[in-house]
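Visitor: Below are the structure tokens for one structure; questions will follow.
The values are calculated or read from the model by the stated rules, or taken from the named source; none is laboratory data. This one's a predicted model, so the numbers in the text were calculated from it and none came from an experiment. Note that each Cβ is placed from the backbone with ideal geometry, even for glycine, and that neighbours are counted across all protein chains shown.
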Amino acid sequence: MSTFKPVRGMRDFLPEEAKIMKYVESQARKTAELYGYKEIITPVVESYELVAAKSGEEVRLRMYAFEDLSGRKVALRPEFTASVARLVATTLRNEPKPLRLFCVGSLYRYDEPQKGRFREFWQSNFELMGSNKPEADAEILLLTNRLMKSVGLRNYKFKIGHVGVLRSILSKEGLTEENQNQVMQRMDKKLYDEALKMVRDAGASEKGIQTIRELVNLRGEDPPKVLENISETVKDYTEAVEAVKNLGEILSLVAKTGEKLGIVIDAGFARGLEYYTGMIFEVYVPELDIALAGGGRYNKLVELFGGEPTPAVGVAHGIDRIMLALQEQRVEIGIKEKQPVMVIPVSESLNAEALRIAETLRMENIPVELEVMGRKVSKALEDADRRGINYVIIIGEKELKEDAVVLRNMQKKEQTTIKIRELATILKPSQAS
Ligand code: HAM
């Protein structure tokens, strides 16, 4: 017996799991349609330089990176945003803005495998390119809320922050971008003491250090109140005050829609990816301590890739983690599937007839499973019973002479002789499961 297994961190999706994944994906597609996002398909293999550019240390060090046979340094994509920004900087450069782009597919990161953390995972990803307005940020929050709601999740919360608050203070305190990135990485991992030490070592003033220390402890569920507290804490840093104001505008737009989003504002919140310039957020459910989605505003990436200055905001939803959350919350998923009909020839000499009748039914959109194991009718019926098949068509010599077959209702254990041309009409109403 072979002992081959999937590579560590990689998984097989058997039919039941694949069905749920495709369901979440279909809800993401529906969301894309509802908000006007057009789907694009980008390659899994990208140039290393592109995906490494602003991915942050955490992702950069965990990339599946290698040289291809002609010595090009490439990587399996760890996220979609760099690929979409590449397109907007090049092929889509002259497209009128805004551009709303949607992708779905697999990503690769050499993360330590654990519950909800895999080396191959799936995202649905939305990018809104060309607008620097708070309504664009609000749209990304609202469409994320719509997706979470549409799959049936409950009690999810948005953790929201603004990188402009911390970055503008660090900048005013004289930290280089590289130093700021280092500090933000520590903040992302909640290593606040280390982060503060770095700020101190980089020569920040006592006031700067104190302001950041206060910020990392500022969080709460009442946005206007928390934002006011943050604003008061950063009052001597003009740009930080502006960032808080921007976040206030975004959240006030969201609130005015009447959608009740559970929101936790977190002033010390940072994300691992380095391209963010504005609002950032993640989505959590109480049952899991890992984010189901993450996103934010990044106004400099397209330009960095040689494109026109293009403000942008986006989000990626972790499909695997949404599936896990659905399981944790025991959400019933109503996936409608057509029940197949089984076609069984009574002898091998009728195989061609069975195949022909099966094709005729499929042309009428009736799913058919053909007996292909050469079993006796009784054995094939046993199998149909075990698999919960409702209707079986038995092809016999005698009935065929009359252009008919035997139709067996498996539940009622009744069978009747039916003309082949009437089969589709009789079977169609029985299709819904
Ligand atoms: P991210 O926070 O790195 O952001 O990933 C987004 C989501 O992908 C996470 O919240 C999580 O649900 C899922 N995810 C990430 N890593 C794993 C993993 N190892 N296993 C399972 N799920 C995982 C981004 O990727 C950004 N590109 C989001 C974005 C789009 N920002 C702006 N536009």
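Visitor: Out of the residues in the range 126-158 that are within 15 Å of ALA293 (Cα to Cα) and touching a Ser or Thr at 6+ places or on another chain (Cβ under 6 Å), which is farthest from the ligand (Cβ to nearest atom)?
Guide: Only one residue fits best here, namely ARG146.
Visitor: For residues that are of a type in the set (A, V, I, L, M, F, W, C) and part of a helix (DSSP H, G or I), tally how many sit in the range 111-169.
Guide: Number of matching residues: 13.
Visitor: Going through the range 88-110 one residue at a time, which ones are outside any loop (DSSP other than H, G, I, E, B) and of a type in the set (Lys, Arg)? If you could, list the steps in order and put the result at the bottom.
Guide: As a first pass, look at the range 88-110 and keep what is outside any loop (DSSP other than H, G, I, E, B): 88-89, 99-108.
Matches in the range 88-110: ARG100 only.
Visitor: Checking ALA204 against (1) over 22 Å from GLY296 (Cα atoms); (2) at pLDDT 95 or above: exactly one of these is not met. Which one?
Guide: Only one criterion in (1) over 22 Å from GLY296 (Cα atoms); (2) at pLDDT 95 or above is unmet by ALA204, namely (2).
Visitor: Somewhere in the range 144-167, is a residue within 12 Å of VAL315 (Cβ to Cβ), touching a Gly at 6+ places or on another chain (Cβ under 8 Å) and modelled with pLDDT of 95 or more?
Guide: yes
Visitor: Quick one: would you say ALA325 is within 16 Å of the ligand (Cβ to nearest atom) and either of a type in the set (A, V, I, L, M, F, W, C) or touching a Ser or Thr at 6+ places or on another chain (Cβ under 6 Å) (or both)? Show your work before the answer.
Guide: On the way: within 16 Å of the ligand (Cβ to nearest atom): yes; either of a type in the set (A, V, I, L, M, F, W, C) or touching a Ser or Thr at 6+ places or on another chain (Cβ under 6 Å) (or both): yes.
Considered against the rule, which asks whether it is within 16 Å of the ligand (Cβ to nearest atom) and either of a type in the set (A, V, I, L, M, F, W, C) or touching a Ser or Thr at 6+ places or on another chain (Cβ under 6 Å) (or both), ALA325 comes out as yes.
Visitor: Can you tell me which residue in the range 190-211 is surrounded by the most Cβ atoms within 10 Å (Cβ to Cβ), limited to those that are touching a residue at least 24 places away in the same chain (Cβ under 8 Å) and not in a helix (DSSP H, G or I)?
Guide: Per the stated criteria, the residue is ALA204.
Visitor: Here are some residues: ALA316, ALA291. Which one is within 16 Å of the ligand (Cβ to nearest atom), small (Gly, Ala, Ser) and touching a Lys or Arg at 6+ places or on another chain (Cβ under 8 Å)?
Guide: Only one candidate passes the filter, namely ALA291.
Visitor: Only one residue in GLU214, GLU221, GLU228 is surrounded by fewer than 23 Cβ atoms within 10 Å (Cβ to Cβ) and without any contact (Cβ under 8 Å) to a residue 12 or more places away in the chain, so which one is that?
Guide: Values: GLU214 fails: without any contact (Cβ under 8 Å) to a residue 12 or more places away in the chain; GLU221 fails: without any contact (Cβ under 8 Å) to a residue 12 or more places away in the chain.
Of the residues listed, the single one that is surrounded by fewer than 23 Cβ atoms within 10 Å (Cβ to Cβ) and without any contact (Cβ under 8 Å) to a residue 12 or more places away in the chain is GLU228.
Visitor: Cβ-Cβ under 6 Å, sequence separation 6+ or interchain: first residue in the range 276-291 and under 15 Å from THR81 (Cβ atoms), partner more than 10 Å from the ligand (Cβ to nearest atom) and of a type in the set (Gly, Ala, Ser). Which pairs?
Guide: Close Cβ pairs satisfying both conditions: GLY278/GLY164; ILE280/GLY161.
Visitor: Can I ask one more? Does ARG62 qualify as being more than 19 Å from GLY306 (Cβ to Cβ), assigned to a loop (DSSP other than H, G, I, E, B) and basic (Lys, Arg)?
Guide: Details: more than 19 Å from GLY306 (Cβ to Cβ): yes; assigned to a loop (DSSP other than H, G, I, E, B): yes; basic (Lys, Arg): yes.
In short, yes.
Residue by residue, here is whether (1) closer than 29 Å to LEU324 by Cβ; (2) in a loop (DSSP other than H, G, I, E, B); (3) within 16 Å of the chain's Cα centre (by Cα); (4) assigned by TED's automatic domain parsing to the domain that holds THR144 holds:
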position	(1), (2), (3), (4)
TYR23	yes, no, yes, yes
SER26	yes, no, yes, yes
ARG29	yes, no, yes, yes
PRO43	yes, yes, no, yes
GLU46	yes, no, no, yes
GLU79	yes, yes, yes, yes
ARG86	no, no, no, yes
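Visitor: While we're on this one: Tally time: how many residues in the range 213-236 are of a type in the set (S, T, N, Q) and within 15 Å of ALA270 (Cα to Cα)?
Guide: Count: 1.
Visitor: So which residues in the range 286-323 are closer than 22 Å to PRO96 by Cα and either outside the structural domain of GLY164 (by TED's automatic domain parsing) or part of a loop (DSSP other than H, G, I, E, B) (or both)?
Guide: Once the filter is applied, which keeps residues that are closer than 22 Å to PRO96 by Cα and either outside the structural domain of GLY164 (by TED's automatic domain parsing) or part of a loop (DSSP other than H, G, I, E, B) (or both), the range 286-323 yields TYR298, ASN299, LYS300, PHE305, GLY306, GLY307, GLU308, PRO309, THR310, PRO311.
Visitor: Which residue pairs have Cβ atoms under 7 Å apart, sit 6 or more places apart or on different chains, and have a first residue in the range 371-393 that is closer than 19 Å to LEU361 by Cβ and a second that is at pLDDT 95 or above and of a type in the set (Asp, Glu)?
Guide: As it stands, the answer is ALA380/GLU371, since those pairs meet every condition given.
Visitor: Still on this structure, I have one more. Mind checking which residues of the range 6-52 are surrounded by 18 or more Cβ atoms within 10 Å (Cβ to Cβ), closer than 25 Å to PHE305 by Cβ and small (Gly, Ala, Ser)?
Guide: ALA32, ALA52
Visitor: With respect to VAL84, is the statement that it is at pLDDT below 95, closer than 19 Å to ALA293 by Cβ and not charged (D, E, K, R) true?
Guide: no
Visitor: Need pairs with beta-carbon distance below 6 Å; first residue in contact (Cβ under 8 Å) with a residue 24 or more places away in the chain and over 30 Å from GLY334 (Cβ atoms) and within the range 1-17, second part of a loop (DSSP other than H, G, I, E, B) and of a type in the set (Phe, Trp, Tyr); sequence gap 6+ or separate chains.
Guide: Matching pairs, first to second residue: GLY9/PHE118.
Visitor: While we're on this one: Could you list, in sequence order, all residues of the range 248-281 that are more than 16 Å from the ligand (Cβ to nearest atom) and hydrophobic (A, V, I, L, M, F, W, C)? Steps first, please.
Guide: Filtering the range 248-281 down to residues more than 16 Å from the ligand (Cβ to nearest atom) leaves 248-249, 251-263, 265, 267-268.
Scanning the range 248-281 gives LEU251, LEU253, VAL254, ALA255, LEU261, ILE263, ILE265, ALA267.
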